[in-house]
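J.: My questions will all concern the structure given below.
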Amino acid sequence: MTATVKRSITAFTDACPNLRHFDKDQFMFPCSDSNIDTAELKKLESKHANRSKLFPNSTNLNQALSFAQRPVLHICHILIIMGDRKRGRKDLGPPPRWLYCPRKGALIVDKFIAFKTPLDDSYNSQVPEECTFTPAMLVSLLQSQKVRLGLWIDLTNTTRFYSKEEIEERNIKYVKLQCRGHGECPSEEQTNTFIAICQKFISKSPLEVIGVHCTHGFNRTGFLIVAYLIESLSWSVEAAVTYFSQARPPGIYKADYLKELFRRYGDVNDAFPAPPLPEWCNEDDDVDDDGKFVNEGKGGKDRPPAKKRKEFHRKNPVFMEGVPGVSTISELAHISRIQRKCQDMCGWKGSGFPGSQPVSMDINNLKFLHSKPYKVSWKADGTRYMMLIDGENEIYFIDRDNSIFKVDGLRFPRRKEPEEHLANTLLDGEMIIDKVDGKDVPRYLAYDIVKFESQDVGQTDFERRLLCIAKEIIKPRRDAMMNGKIDRMKEPFSVRAKDFWDVTSAKQILGEKFRREMSHEVDGLIFQPVPDPYVTGRCPDVLKWKPPELNSVDFKLVIQQRTGIGLLPTKVGLLYVGGMSEPFAEIKINKALRAMDKKIIECKYENNQWVFMRERTDKSFPNAYKTAMGVCESIRNPVTTDLLFHHIDCYRWRPPKK
């Protein structure tokens, strides 16, 4: 490959993030202008001209195309097609039954660890925070347990879940052994290959462990590990199957896999019955790893896969204290209907709360303020709720546990038909309690909108979304109050649009004058990217900043008694985060914490230890491991007030000069 061709392809793929993992050196075929006729070249050039949406940096794209010769365009066209296919498979979301499937099992003969497939960061918007499981999380967890992972065997029948480079860059050998699954056990050839790979690795690296995963880490994974125990360690099939089920409960749960193991290594008539399906195994198993329909029962191949979501239902959800007119819903069918509608409006394919989640600002993402325009607002010490407006007397709040609350006594008239009520509208915001003349005044601050009357305004830029809130949500209510159609004094709480300003206003927001004018506590800043659409789930571009001394993590507290030889029994507080079975940290137990066992608590890091701040009654899950690590990074390398203001003054995004 010539240097010019290689340079062109590199520039082209660098301009498109979807192609960053492709090996440019694989395109070694001869390139000459004679390979492509003029008509075909014009078609390709037209295709490239229409694909600008794939390239966030149009300058890079133009640069790539400016010196891309005709044969290079042909190569880049192939790359775009490959990138589209890979991106399309990721759009399928997590595989069925994945979200609440246990992440990993226990060590097997000190050599194997079975786990479900991790999903890379591109799935963050489709995975609830408490369900996150990335390759980095698995490696970090094993390292915390003093387990060195040396070989990673991927049995899935796809490449969409993560990039192998993410494994290899951690000095872990990656092997792809594609097994189809879905009623098709690993063949004898695949089994022999697996055993040979493991035997060779163990002989060369006896102190390292082999990680094995299929989609869920039970059937294909269990089958091959059991086969290894039988063939390499001379175990009986009964003992090997039982041992795997203890290390990765409930073990192999598909009857055909168990029968095939006993057919190969024992007597098929002695095959164990399949164990009961675990609770998380609640979705139809009718699509393969790439989302293709595999069951050809009723309806044939063209029948769309039926999907069911397993939702967490908090038994006794509690709404923010001091807010009247809000009640819980007891009927599960009603709850599920509202949950599903909100998830569908957000394009959320997983279960749980679909709202956008900001990340903590640190030294690394501070530079985002330089790359594109941002708006800033104050971070209120309130409680997050999405609001579904679905017609008159059909207004609901959705909290971060995905619990549903009904609102009574509130009205949202249409701007053009004031006698009619808004429907199919989804807001995002927070409930705060203002102190006005010594009285508590609850207010809902709407700061974003996902759907307006079924229109997908969430895909527009932030300026347009704010305009929609002001023009279509707030103004019609004010007009109705002026006309006597709404009696504000009879409403349970007020509804306002939260203000956002240019990023240069950050200094004023943190100033004493602004704080005095606020009737509720201000505990930081929120930075919202202007050109970006609404992003569900964890959004790395929406930044929250707190003074370093107020950075906090929401943990689950587990109080245990610690004993030992020569030691008096003492109680210790173990702090857990989502995605880890081991404690993330510890905290000293004091009087305030004794009643907090098994509860979610917010803690800050002070004087080299975690300090209790408050109970999070609005949450049932702790922060995910990735979120906790992000906060720790902001604690280790804090963005101080002076550093933040300096960066905004000197390095913020500015429009190009005309």
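The values are calculated or read from the model by the stated rules, or taken from the named source; none is laboratory data. Quick caveat: nothing in here was measured; it's all calculated off a predicted structure. Every residue, glycine as well, gets a Cβ built from its backbone with ideal geometry; the counts of neighbours run over all protein chains shown.
J.: Only one of (1) at pLDDT below 80; (2) surrounded by fewer than 15 Cβ atoms within 10 Å (Cβ to Cβ); (3) among the hydrophobic types (A, V, I, L, M, F, W, C) fails for residue 293. Which number is that?
T.: That leaves (2) as the condition not met.
J.: Go through the residues of segment 533-546 one by one and say whether even a single one is among the charged types (D, E, K, R) and exposed (fewer than 15 other Cβ atoms within 10 Å of the Cβ).
T.: No - not one qualifying residue is present in segment 533-546.
J.: Can you tell which of 579, 573 is at pLDDT 90 or above and surrounded by 14 or more Cβ atoms within 10 Å (Cβ to Cβ)?
T.: Criteria check complete, one pass: 573.
J.: Give the number of residues within segment 140-158 that are of a type outside the set (Asp, Glu), farther than 20 Å from residue 580 by Cα and in contact with a strand residue (DSSP E or B) (Cβ under 8 Å, 6 or more places away or on another chain).
T.: Summing the residues that are of a type outside the set (Asp, Glu), farther than 20 Å from residue 580 by Cα and in contact with a strand residue (DSSP E or B) (Cβ under 8 Å, 6 or more places away or on another chain) in segment 140-158 gives 5.
J.: A further question on this structure: State whether one or more residues within segment 148-171 are within 22 Å of residue 241 (Cα to Cα), in contact (Cβ under 8 Å) with a residue 40 or more places away in the chain and in contact with an Asp or Glu (Cβ under 6 Å, 6 or more places away or on another chain).
T.: yes
J.: Within segment 199-226, work out how many residues are free of Cβ contacts under 8 Å to residues at least 40 places away in the same chain and either touching a His at 6+ places or on another chain (Cβ under 8 Å) or more than 14 Å from residue 248 (Cβ to Cβ) (or both).
T.: Result for segment 199-226: 5.
J.: Quick check on my filter: what residues within segment 527-540 are closer than 23 Å to residue 621 by Cβ and not aromatic (Phe, Trp, Tyr)?
T.: 535, 536, 537, 538, 539, 540, listed by residue number.
J.: I would also like to ask the following. Is one or more of the residues making up segment 618-636 on the phi > 0 side of the Ramachandran plot and either surrounded by 20 or more Cβ atoms within 10 Å (Cβ to Cβ) or not hydrophobic (A, V, I, L, M, F, W, C) (or both)?
T.: no
J.: Considering only residues that are touching a Leu at 6+ places or on another chain (Cβ under 9 Å) and either over 14 Å from residue 486 (Cβ atoms) or of a type in the set (Val, Ile, Thr) (or both), which ones fall in segment 394-414?
T.: Hits for segment 394-414 are 394, 395, 396, 397, 398, 404.
J.: Which fully enclosed strands (runs of 3 or more DSSP E) of segment 328-390 have 2 or more residues being within 27 Å of residue 98 (Cβ to Cβ)?
T.: 356-360, 383-389
J.: Same structure again: Restricting attention to segment 428-466, which residues are touching a Leu at 6+ places or on another chain (Cβ under 9 Å) and acidic (Asp, Glu)?
T.: Answer for segment 428-466, where residues must be touching a Leu at 6+ places or on another chain (Cβ under 9 Å) and acidic (Asp, Glu): 430, 448, 453.
J.: Could you please find all residues in segment 132-163 being over 29 Å from residue 352 (Cβ atoms) and either in contact with a His (Cβ under 8 Å, 6 or more places away or on another chain) or not hydrophobic (A, V, I, L, M, F, W, C) (or both)?
T.: 146, 148, 150, 153
J.: Considering each residue of segment 498-523, count those that are within 16 Å of residue 382 (Cβ to Cβ) and modelled with pLDDT under 95, and give that number.
T.: Total satisfying the criteria: 7.
J.: Conditions: (1) under 30 Å from residue 314 (Cα atoms); (2) surrounded by fewer than 20 Cβ atoms within 10 Å (Cβ to Cβ); (3) of a type in the set (Lys, Arg). Residue 443 meets all but one. Number of the miss?
T.: Here residue 443 clears every test but (2).
J.: Which members of segment 636-658 meet the condition of being of a type in the set (Val, Ile, Thr) and in a helix (DSSP H, G or I)?
T.: 641, 648 - these are the residues of segment 636-658 that are of a type in the set (Val, Ile, Thr) and in a helix (DSSP H, G or I).
J.: For segment 397-453, please list each of the strands (runs of 3 or more DSSP E) lying entirely inside it that holds at least 3 residues being within 23 Å of residue 340 (Cβ to Cβ) and under 21 Å from the mean Cα position of the chain (by Cα).
T.: Correct list: 425-436, 439-451.
J.: Quick one: would you say residue 170 is among the basic types (Lys, Arg), touching a helix residue (DSSP H, G or I) at 6+ places or on another chain (Cβ under 7 Å) and more than 24 Å from residue 400 (Cβ to Cβ)?
T.: So residue 170 fits the description; yes.
J.: Can you name the condition, by its number, that residue 607 falls short on among (1) farther than 29 Å from residue 369 by Cβ; (2) surrounded by 12 or more Cβ atoms within 10 Å (Cβ to Cβ)?
T.: (2)
J.: Let me ask you something else. Out of the residues in segment 132-189 that are in contact with a Lys or Arg (Cβ under 9 Å, 6 or more places away or on another chain) and of a type in the set (Val, Ile, Thr), state the one that is nearest to residue 119 (Cα to Cα).
T.: Per the criteria, the residue is 134.
J.: Residues of segment 357-382 being of a type in the set (S, T, N, Q) and surrounded by 22 or more Cβ atoms within 10 Å (Cβ to Cβ), which ones?
T.: Scanning segment 357-382 gives 357, 360.
J.: From (1) closer than 25 Å to residue 368 by Cα; (2) surrounded by fewer than 11 Cβ atoms within 10 Å (Cβ to Cβ); (3) touching a residue at least 12 places away in the same chain (Cβ under 8 Å), pick out the condition that doesn't hold for residue 598.
T.: Of everything listed in (1) closer than 25 Å to residue 368 by Cα; (2) surrounded by fewer than 11 Cβ atoms within 10 Å (Cβ to Cβ); (3) touching a residue at least 12 places away in the same chain (Cβ under 8 Å), residue 598 misses just condition (1).
J.: Something else now. Residues that are of a type outside the set (Lys, Arg) and more than 28 Å from residue 137 (Cβ to Cβ): list the helices (runs of 4 or more DSSP H) wholly contained in segment 159-270 that include at least 1 such residues.
T.: In segment 159-270, 188-204, 219-233, 237-247, 255-265 are the helices (runs of 4 or more DSSP H) which contain 1 or more residues that are of a type outside the set (Lys, Arg) and more than 28 Å from residue 137 (Cβ to Cβ).
J.: Next up: Restricting to segment 209-245, name every residue that is of a type in the set (S, T, N, Q) and either under 30 Å from the mean Cα position of the chain (by Cα) or within 14 Å of residue 186 (Cβ to Cβ) (or both).
T.: 215, 219, 221, 245, listed by residue number.
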